[in-house]
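The block underneath contains the structure these notes are about, expressed in structure tokens.
The values are calculated or read from the model by the stated rules, or taken from the named source; none is laboratory data. None of the values given here were measured: they were computed from a predicted structure. Because the Cβ atoms are built from the backbone with ideal geometry, glycine has one as well, and the counts that use them run over all protein chains shown.
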Amino acid sequence: MALRVSTSEPLLVAEELEKEYRSGPEVVRVLRGASLVIRPAEVVALVGASGVGKSTLLHLLGALDRPTAGRVLFAGQDLFGCGEAELVRYRRQEVGFVFQFYNLLGELSALENAMIPALIARRPGREARELAAAALAEVGLADRLGHRPGELSGGEQQRVAIARALINRPRLILADEPTGNLDPKTSEVIYDLFLRLQAERGIAFLVATHNPDLARKAERGYRLVEGRAREVARGE
């Protein structure tokens, strides 16, 4: 895929996404034509009631799952019109993921957890270690490289997860309730880190959140209702 484009073009466009799941004889329609646009280097909030489909939408945008209908364009390319090898490259190089529950491996150190995407991308071990150390320093954990998740606070674990998402230098980070397990003060720290990475690295963020105060900090926002996304005014 020719993915490098000018910043005047949308980075990601979701068009009329639908997603259905079968539960025995029943068909459950989670998304019913959700559309949104993410521009380069902007922070976009995604809000909505619990169970409305925010995680499902993020999974489709990250190519972790396929839509029943609709399409996702990244830098003008139809993701699901590509082969599996291109989708793997997209997931490894263009998009990073941050989840509510951190998804760290408890037996590994912060450094080893952050190295994982680079190793999966088949970077040499020494290079992966250097990239992970630099990413951890960037999120303020230079003195925690050897600590395991159980030795870190919730906010520190989430920063390890963010460092892991950064390591392959993605242009988009999808964050699914990234502060859902954190206290208000730590949540502010994490969100401010997103804003700094946006400014310094030019990364775009789509942040699914229940926190209205954090959602108001985003440049734009969408509300997911009955499987459809509508853009909302800032602060709404």
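Results, tabulated for the structure shown:
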{"item": "Some residue of the range 177-193 being assigned to a loop (DSSP other than H, G, I, E, B), of a type in the set (D, E, K, R) and closer than 26 Å to His59 by Cα", "result": "yes"}
{"item": "Flag if Ala218 is among the small types (Gly, Ala, Ser), more than 20 Å from Ala110 (Cα to Cα) and modelled with pLDDT of 90 or more", "result": "yes"}
{"item": "Long-range neighbours under 8 Å by Cβ, at least six apart or interchain, first residue aromatic (Phe, Trp, Tyr) within the range 10-33, second assigned to a strand (DSSP E or B)", "result": "Tyr21/Val27; Tyr21/Val28; Tyr21/Val30"}
{"item": "Flag for Val207 being part of a strand (DSSP E or B), at pLDDT 90 or above and among the β-branched types (Val, Ile, Thr)", "result": "yes"}
{"item": "Cβ-Cβ under 7 Å pairs, at least 6 apart or on other chains, the range 144-155 side farther than 13 Å from Leu104 by Cβ, far side of a type in the set (Gly, Ala, Ser) and assigned to a helix (DSSP H, G or I)", "result": "Leu145/Ala110; Leu145/Ala133"}
{"item": "Qualifying residue in the range 85-96 (condition: basic (Lys, Arg) and farther than 26 Å from Leu46 by Cα)", "result": "no"}
{"item": "Selection from the range 210-236 of residues that are part of a loop (DSSP other than H, G, I, E, B), surrounded by 14 or more Cβ atoms within 10 Å (Cβ to Cβ) and on the phi < 0 side of the Ramachandran plot", "result": "His210, Asn211, Lys217, Ala218, Glu219"}
{"item": "Unique match (being out of contact with any Asp or Glu (no Cβ under 6 Å at 6 or more places or on another chain), in contact (Cβ under 8 Å) with a residue 24 or more places away in the chain, closer than 23 Å to Val95 by Cα and not aliphatic (A, V, I, L, M)) among Glu226, Glu138, Glu219, Glu200", "result": "Glu138"}
{"item": "Among (1) touching a helix residue (DSSP H, G or I) at 6+ places or on another chain (Cβ under 8 Å); (2) under 19 Å from Ile203 (Cβ atoms); (3) free of Cβ contacts under 8 Å to residues at least 60 places away in the same chain - the single one Gly96 does not satisfy", "result": "(3)"}
{"item": "Within the range 74-124, tally of residues that are over 16 Å from the mean Cα position of the chain (by Cα) and in a loop (DSSP other than H, G, I, E, B)", "result": "13"}
{"item": "Filter result for Asp176 (free of Cβ contacts under 8 Å to residues at least 40 places away in the same chain, acidic (Asp, Glu) and closer than 22 Å to Val43 by Cβ)", "result": "no"}
{"item": "Which numbered condition Glu151 fails, given (1) farther than 19 Å from Val95 by Cβ; (2) modelled with pLDDT under 95", "result": "(2)"}
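Residues checked against (1) part of a strand (DSSP E or B); (2) touching a strand residue (DSSP E or B) at 6+ places or on another chain (Cβ under 7 Å); (3) not hydrophobic (A, V, I, L, M, F, W, C):
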position: Arg22; (1), (2), (3): yes, no, yes
position: Val30; (1), (2), (3): yes, yes, no
position: Val37; (1), (2), (3): yes, yes, no
position: Ala41; (1), (2), (3): no, yes, no
position: Ser50; (1), (2), (3): no, no, yes
